[in-house]
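So the structure is just underneath, and the comments pick up after that.
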Number of protein chains: 2
Amino acid sequence: VPRTIRLDIAYDGTEFVGWQRQENGVSVQQVVEEALAAACDAPRIAVDGASRTDSGVHALGQTASARIESRLDDETLVNAINSRLPRSVSVRRVSTVGDRFHARFSARGKHYAYRILHAARPEPIGRAYLAWTRFEPAIPPMREAARALVGRHDFASFATAGSPRASSVREIWGIHVLRRGAVTTFAFRGNGFLYNQVRAMVGTLLLVGQGKLAPARVGEILAARDRRLAGPTAPPEGLFLLRVLYGVGEGARSPEDSQEIDD
Amino acid sequence: VPRTIRLDIAYDGTEFVGWQRQENGVSVQQVVEEALAAACDAPRIAVDGASRTDSGVHALGQTASARIESRLDDETLVNAINSRLPRSVSVRRVSTVGDRFHARFSARGKHYAYRILHAARPEPIGRAYLAWTRFEPAIPPMREAARALVGRHDFASFATAGSPRASSVREIWGIHVLRRGAVTTFAFRGNGFLYNQVRAMVGTLLLVGQGKLAPARVGEILAARDRRLAGPTAPPEGLFLLRVLYGVGEGARSPEDSQEIDD
């Protein structure tokens, strides 16, 4: 009997071309599809991911969906898939969900975090998981600038030009800027993010934190809908996809999984 | 004017064949020697490291010494070397020391730490810095077994056979076994360690923590001076060289650097 499954996946994006299959290298999607097909004894199974993370971007809570036929129950399937995956990818959970569930189209929201170290020299240990800057970014002006980004806006100024999408309007529910030791963390929650949007927002906020851009300019840049006005795209290694949110009855495993969504 | 310098170095050992120069790949020693020679405008400079860390073993506080001729002061030299090093290696400090200082021969002690995660599945993020085991090692029996290793002993049972050395007698000042969440840390302090000794001790203590070896057996294995009796060599990714200790006036930068040494 065919069934639809949700996969919760963690991975280290360093050695992949990104989530999505590409001609020029190994993608996370490819290794998951191959491991799942082998576990199900099928020639090929398509796996759709909620987020197209880039090369070097990591995931603690990527979700994906697939239509499979297998006698293995969900927990057995986790082990059967993981035994065929490289150490850089780990399936945390497999859940049988309703047939209308699709990891990308059913997603109602996402959480991302971006971490950056300020230090005279980069840190060799863990450098694949932490961006680095020489200057110490000032927190209060970055928080002030971030407030302009929260809410429902057209984020064309923060999307990589040429990326296909029906609309560049998204809603950001919250941005938190935190400092612990020499590490600054930017946490983003929203109903969706354009391609490279989180990294473009971080690159812009860091210009503010460096004193090169006035906090009030960020709202103006947003309103202009022109990518050339915003800051550079921050490097991928600081970025983590933490979690994808779904509505109850649409793949959410618990009410907590959909807590942000009241629309 | 020629001078002797001490270098304090941190590195990620994942992509190196180890500290020491080898024919079959890139070593940390090689990249440091090449960067230092370029910074000093010299054809070649020999750099001696205190510890021959293996492939995959990391260092937060490796020390090395070299005899150089350069007009650059120590702080300028740090930047000149680092600008020529890959991101996986970072010189923390350069200090001009007495001409009799030699990083390896002058060393009076070393600190190492070994970290291992117990979990049903390995963790993709940070897996190069954390060993992994399925079982949860029991702390009290490992602490009991570790006590037998503390003190001045012939550690032949814990040295990789065939490694050259004048004597296999070393003194361990302390072993601490700590648990934080699902991560167990073994901290070792001693006047020196044989090749692979720390990893062989960890592999043996983990057998105790798994219930496969009685704590009292570890003292017997030590006394037998037979490598075949001890446990396996634990994998390299959990091991960190934290610090090398020197006597005051022999390259130590501060009294704290030599606090362990009263002999």
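The values are calculated or read from the model by the stated rules, or taken from the named source; none is laboratory data. For clarity, every value in this text was computed on a predicted model and none was experimentally measured. Backbone-built Cβ (ideal geometry, glycine too); neighbour counts: all protein chains shown. Please note that ligands, DNA and RNA were not included when accessible areas were found on the heavy atoms of the full protein model with its side chains. Shrake-Rupley method; radii C 1.70, N 1.55, O 1.52, S 1.80 Å.
For this structure, a couple of remarks:
- Of the residues making up segment A:64-94, those that are hydroxyl-bearing (S, T, Y) and open to solvent by 20 Å² or more (accessible area, probe 1.4 Å) are A:S70, A:T76, A:S83.
- Qualifying residue in segment A:132-153 (condition: away from chain B (no Cβ under 14 Å) and farther than 30 Å from A:G209 by Cβ): no
- Hits in segment B:24-54 (condition: in contact (Cβ under 8 Å) with a residue 60 or more places away in the chain and either in a helix (DSSP H, G or I) or touching an Asp or Glu at 6+ places or on another chain (Cβ under 9 Å) (or both)): B:V28
- Identity of the residue in segment B:158-211, among the aromatic types (F, W, Y) and modelled with pLDDT of 95 or more, that ends up most open to solvent (accessible area, probe 1.4 Å): B:W173
- Members of segment B:119-145 that are over 18 Å from the mean Cα position of the chain (by Cα), touching a residue at least 60 places away in the same chain (Cβ under 8 Å) and open to solvent by less than 60 Å² (accessible area, probe 1.4 Å): B:A119, B:R127, B:T133, B:F135, B:P137, B:A138, B:I139, B:P141, B:M142, B:A145
- Among the conditions (1) open to solvent by 20 Å² or more (accessible area, probe 1.4 Å); (2) hydrophobic (A, V, I, L, M, F, W, C); (3) within 14 Å of chain A (Cβ to nearest Cβ), the only one that B:F16 does not satisfy is (1).
- Residue among B:R21, B:R6 that is charged (D, E, K, R), under 29 Å from B:F193 (Cα atoms), modelled with pLDDT of 95 or more and crowded, with 22+ Cβ neighbours inside 10 Å: B:R6
- Assessment of segment B:49-62 against the conditions (surrounded by fewer than 22 Cβ atoms within 10 Å (Cβ to Cβ) and more than 28 Å from A:A131 (Cβ to Cβ)) yields at least one matching residue.
- Residue under evaluation B:I116, criteria (1) part of a strand (DSSP E or B); (2) within 14 Å of chain A (Cβ to nearest Cβ); (3) in contact (Cβ under 8 Å) with a residue 24 or more places away in the chain, criterion not met: (2)
- In the condition set (1) away from every other protein chain (no Cβ under 11 Å); (2) on the phi > 0 side of the Ramachandran plot, B:C40 is compliant with all but (2).
- Only one of B:R189, B:R165 that is part of a strand (DSSP E or B) and not aromatic (F, W, Y): B:R189
- Across segment A:113-129, a minimum of one residue is classified as within 21 Å of A:L178 (Cα to Cα) and touching a Pro at 6+ places or on another chain (Cβ under 9 Å).
- Selection over segment A:67-105 of residues that are assigned to a loop (DSSP other than H, G, I, E, B), more than 14 Å from every other protein chain (Cβ to nearest Cβ) and under 21 Å from the mean Cα position of the chain (by Cα) gives a count of 5.
- From the list A:A42, A:A38, A:A107, the one residue that fits, being farther than 24 Å from B:A119 by Cβ and open to solvent by 30 Å² or more (accessible area, probe 1.4 Å), is A:A42.
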